[in-house]
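Values in this text are rule-based calculations from the coordinates and carry no lab data. Predicted model only: the values in this text are computed from it and were never measured. With ideal geometry, Cβ positions are generated from the backbone for all residues, glycine too; neighbour counts draw on all protein chains shown.
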Amino acid sequence: MDFFEFASKKRFEITEKDLDCVEEKIQIYKKYNFKMLNIDDVFEKIDENLKKKITDKRFGLLCGGGIDSNYLLAKSLSWGIEPIVISAATKGNESELKLLSDFCIDMKIEHHVLDIDISKIENKSNMIKKELGRYPNDQAAPLVRMLVERAQKENCEIVIDGQFADTLLFANPQNFLFKKTHRFTSTLLKYDNRPSEIGVKIVKIIKYLTYNKIDKILFLSRLYFFDDNVYRRMSNIINYINPELLLQLLFWHVLMTKRERDKYINLPLEVFSPFDDETLLFEVMKLVENDSILRGKYNKHSMNKFSSLYDKRLCGKSASFEAY
């Protein structure tokens with residue numbers, strides 16, 4: 001099995017130890033002294049996190065033209081702090097990257113674009129495998145490694161990344177699907193894979209819509225379990241916390257630990273995301289629970305608005321739902 005096959009099919013086991021951590025975070029959340037009243041307060045703290053890290057430093061910004069990284073670029077420039085922009089030319093971001101490149105040229109911002117192909121990804125993933133004794137759990141790990149190495153070559157002291165914004169702001173496509181289908185909670189359907197690829201996808205979607213809440217949460221979180229005690233404990237947990245918040249905690253404290261943070265192991269420079277802030281996660285969870293925060297993609301509307309007002313070429317594009 002090569003890296004691409006491994007990474008695309010990789011799901012992660014949730015254990016009782018993971019649930020211990022989740023339940024501990026639930027107790028912290030229940031007792032937390034909440035201070036934020038709206039989404040503007042949340043972004044004020046995100047901005048503070050960013051500014052603390054980049055002031056008086058030569059820093060690289062991983063930016064491919066999306067909403068999250070464009071916001072960090074526009075916000076930095078609004079403070080008069082200029083980053084070294086590091087991008088990758090990959091299939092699917094051509095139009096956004098062209099706008100970003102034009103913007104950087106006009107603004108005389110140092111911009112480095114790496115030409116990435118499958119062979120380079122494979123070589124880098126094999127190199128990481130030699131270091132770790134395994135393939136990285138996150139499919140983006142080889143790409144991130146190459147971008148950070150380029151930042152190091154350009155004498156950057158730190159690298160800023162827009163990762164985890166979707167999870168912090170309840171803007172993952174999985175959040176949208178869970179919210180829209182939470183009433184469909186009948187028993188699981190059994191099915192056999194059909195020869196037709198479209199047929200398989202249709203049956204898969206129907207099967208997903210009929211999942212009960214716990215199975216739906218596990219499915220969307222890319223998690224599975226071997227121990228029946230895990231399922232029983234989740235059945236108990238879901239009785240005293242909003243299922244949408246449980247999905248978020250599993251994303252943050254299980255999936256991000258097992259998969260997404262894996263791409264930052266053994267990098268030559270510190271990589272920092274201003275969205276990676278547990279205290280902010282609790283604040284946003286409370287806003288969602290109180291229903292005083294706009295949901296889904298609208299949570300990021302103010303980010304895109306700020307970037308677009310700074311320069312219309314920084315109007316980014318949201319991610320689409322991954323193939324499960």
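Under a model in which nothing but the beta-carbon of Lys, Arg (+1) and Asp, Glu (-1) is charged, segment 41-188 shows a dipole of about 540 debye around its Cα centre.
Can you tally the lysine pairs in segment 92-152 where the Cα-Cα distance is under 25 Å and the two residues are eight or more apart, or on different chains? Mind dumping the intermediate values first?
Values: 98/108; 98/120; 120/129; 120/130.
Here the count comes out as 4.
Counting Lys and Arg as +1 and Asp and Glu as -1 over every other residue whose Cβ lies under 13 Å from the Cβ of residue 120, the net charge comes to -1. The amide H of residue 59, built 1.01 Å from its N in the peptide plane, has 84, 157 as neighbours under 5 Å, considering only residues 5 or more places off or on other chains.
Hey, which of these cross-link pairs are over 30 Å Cα-Cα: 30/75; 10/30; 216/300; 31/52; 30/213?
30/75; 10/30
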